[in-house]
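**Student:** Have a look at this one.
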Amino acid sequence: MRIDLSGKTALVTGSTQGIGAAIATGLAEAGARVGINGRTGGSVAMAMELMDGDLVAAPGDVSTDAGCEQVLSALPQVDILVNNLGIFGARPALEISDEEWRRYFEVNVLAAVRLTRAYLPGMKERGWGRIQYIASDSAVVIPAEMIHYGMTKTALLAVSRGFAKEAAGSGVTVNSVIAGPTHTGGVEDFVYSLVSKDLPWEEAQRAFMREHRPQSLLQRLIEPEEIANMVAYLSSPLASATTGGAVRVDGGYVDAILP
């Protein structure tokens, strides 16, 4: 199976590091022209130095109207939109403030809605497009230590399904990707916030999965490239009949046949 995205332009939000950087790299390797997005021009430039391929700088904080406009100026038209930007963190449920609830919704959900609203009409006019939302197992199995994060990922499943209906019959597919516990720098910090900081990383990872994610069938953290592989497939013509779905790359974490 060969994934060829030659001639396609993609935007991956939050793509200066972690899962976003892996997705951007995967799409570029498949031949796409890829917009690299981060909050500042400096962070984008540093990330692009570590990547190969046809890359476009698209800095801007897409959780704000002004940042969104900045990105749209750099990339007025895209064929593939990957809404990857997201924040997370542990917080006792009764200590989450109104401000924090709003911040998580603005960054994790509304940013994706804004960009979808901006790019979907053009995709429909051209008769081809791919929109994806990077969700999480936390959308289905709400973690007790960060229900505000889980709420936003559940919302993305609804947003994705709704916009898939808006795109019905147009040649544009819209899907969400349910990513399981994934190994990134931010997740390493999160793991060490829940297990002993004295443990070497491999032991800390195993302790985290055993104590906090015991239902994982993979029994390890997923690597970002494994998420990127699914995104590249869903971005390709090969996935033309997959739309309105919540596709799992969760290592068997969600204990259900369907999400």
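**Student:** In whole Hz, what ³J(HN,Hα) sequence does region 213-225 give by Karplus (6.51, -1.76, 1.60; θ = phi - 60°), x for Gly and Pro?
**Tutor:** 9, x, 7, 5, 7, 6, 6, 7, 6, 7, 7, x, 4
**Student:** Over every pair of different alpha-carbon atoms in region 139-197, take the mean of 1/r and invert it; report that Kirkwood radius in Å.
**Tutor:** Evaluated on region 139-197, it is 13.6 Å.
**Student:** Residue by residue through region 194-203, what is 3J(HN,Hα) from phi via Karplus (6.51 cos²θ - 1.76 cosθ + 1.60, θ = phi - 60°)? Round to whole Hz and write x for glycine and proline.
**Tutor:** For region 194-203, the Karplus curve yields 10, 10, 4, 6, 7, 7, x, 4, 4, 5 Hz.
**Student:** Against the 2.2 N^0.38 Å scaling, with N counting residues, where does region 1-119 land? I'd like the Cα-based Rg ratio to two decimal places. Present the calculation step by step, with values, prior to reporting the outcome.
**Tutor:** Details: Rg = 14.9 Å, N = 119, 2.2 N^0.38 = 13.5 Å.
Its radius of gyration relative to the 2.2 N^0.38 Å reference: 1.10.
**Student:** Could I ask something else about it? At 25 °C and 0.890 mPa s, what whole-number value in µm²/s does Stokes-Einstein give for the translational diffusion of the chain, with Rh from the Kirkwood sum over Cα pairs? Walk me through the intermediate numbers first.
**Tutor:** Numbers: Rh = 18.4 Å.
The calculation lands on 133 µm²/s.
**Student:** Can you give the calculated 222 nm mean residue ellipticity of the chain, where each DSSP H run of n ≥ 4 adds -39,500 (n - 2.57) and the sum is split over every residue, rounded to the nearest 500 deg cm²/dmol? Show your work: numbers first, answer last.
**Tutor:** Working: 9 runs with 108 residues, N = 259.
Dividing the helical sum by the residues of the chain leaves -13000 deg cm²/dmol.
**Student:** With a 10 Å Cβ neighbour count serving as the proxy for reagent exposure, in which order, fewest first, do 240, 138 appear?
**Tutor:** 240, 138
**Student:** So for the chain, averaging the separation of alpha carbon pairs under 8 Å that are six or more residues apart and normalising by length, what relative contact order in percent results?
**Tutor:** On the way: 503 pairs, mean separation 49.3, N = 259.
Across the chain, relative contact order equals 19 percent.
**Student:** How large is ³J(HN,Hα), in whole Hz, for each residue of region 150-164 in order, when computed from phi with the Karplus curve 6.51 cos²θ - 1.76 cosθ + 1.60 and θ = phi - 60°, using x for Gly and Pro?
**Tutor:** Computed from phi, the couplings for region 150-164 are x, 4, 5, 6, 5, 4, 4, 5, 5, 4, 4, 4, x, 6, 4 Hz.
**Student:** Could you tell me what % of all Cα pairs in region 123-253 have separations over 19 Å?
**Tutor:** Result: 53 percent of Cα pairs exceed 19 Å.
**Student:** What translational diffusion coefficient, to the nearest whole µm²/s, does region 89-152 have by Stokes-Einstein, given a Kirkwood radius computed over alpha-carbon pairs, a temperature of 10 °C and 1.306 mPa s viscosity?
**Tutor:** It comes out at roughly 119 µm²/s.
**Student:** Please list, in chain and number order, the residues 5+ apart from residue 250 or on another chain whose amide H is under 5 Å from its amide H, with Hs placed from the backbone.
**Tutor:** Answer set, sorted by chain and number: 180.
Values quoted throughout were computed directly from the atomic coordinates according to the rules given, and no laboratory measurement underlies them. Keep in mind the model is a prediction, meaning the values are calculated, not measured. Methodologically, a virtual Cβ is constructed for each residue, glycine included, from the backbone with ideal geometry; neighbour enumeration extends over all protein chains shown.
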